[in-house]
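The values are calculated or read from the model by the stated rules, or taken from the named source; none is laboratory data. What you see is a predicted model; the values in this text were computed from it and never measured. All Cβ positions, even for glycine, are placed from backbone atoms using ideal geometry, and neighbour counts span all protein chains on display.
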Amino acid sequence: MGKVFGREPAAWLAAVGALWQLLSAFGLGFDPQLQSIVTAIVAAVLGVIVAVQVGDGIIAALNGLVVAGVSLTSYFAFEWDSETQAKVVGAVMLLIAWFVTRPNVAAPQPPEVSPPGRLVA
């Protein structure tokens, strides 16, 4: 499989997750339960999509499920408001992407390297 709109699926997962967390934290005033459920669904579905797209994607799928679990736990166990949920889930997403997914998941095709003096686009 390849890229989605010219980007890695993991990049789309991070972008969609970050956008949702920013919208939730700064202004849209979602109901905390709705935010928790939507975040969990988006994280789980995109985690599975990334798992299918990359070669060793079980890590990506597990990470999506962890983020979904954190999202659901933040509301149903701790009853946090939307802003607190967005901050905590956003931080968890960032930490997982930075320290777990990116170093352990390889794209199915090797990256192209530009020869000296010429940029490969």
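Applying the condition of being at pLDDT 85 or above and of a type in the set (Gly, Ala, Ser) to segment 21-42 and asking which residue is nearest to Leu65 (Cα to Cα) yields Ala40.
Restricting segment 1-20 to residues that are within 24 Å of Leu95 (Cα to Cα) and of a type outside the set (A, V, I, L, M, F, W, C), the residue that is modelled with the highest pLDDT is Gly17.
Consider segment 43-59 and keep the residues that are outside any loop (DSSP other than H, G, I, E, B) and not hydrophobic (A, V, I, L, M, F, W, C). The one that is modelled with the lowest pLDDT is Gln53. Looking at this structure, is Val66 closer than 16 Å to Ala15 by Cβ, surrounded by fewer than 20 Cβ atoms within 10 Å (Cβ to Cβ) and at pLDDT 85 or above? No; evaluated as a whole, the condition is false for this residue.
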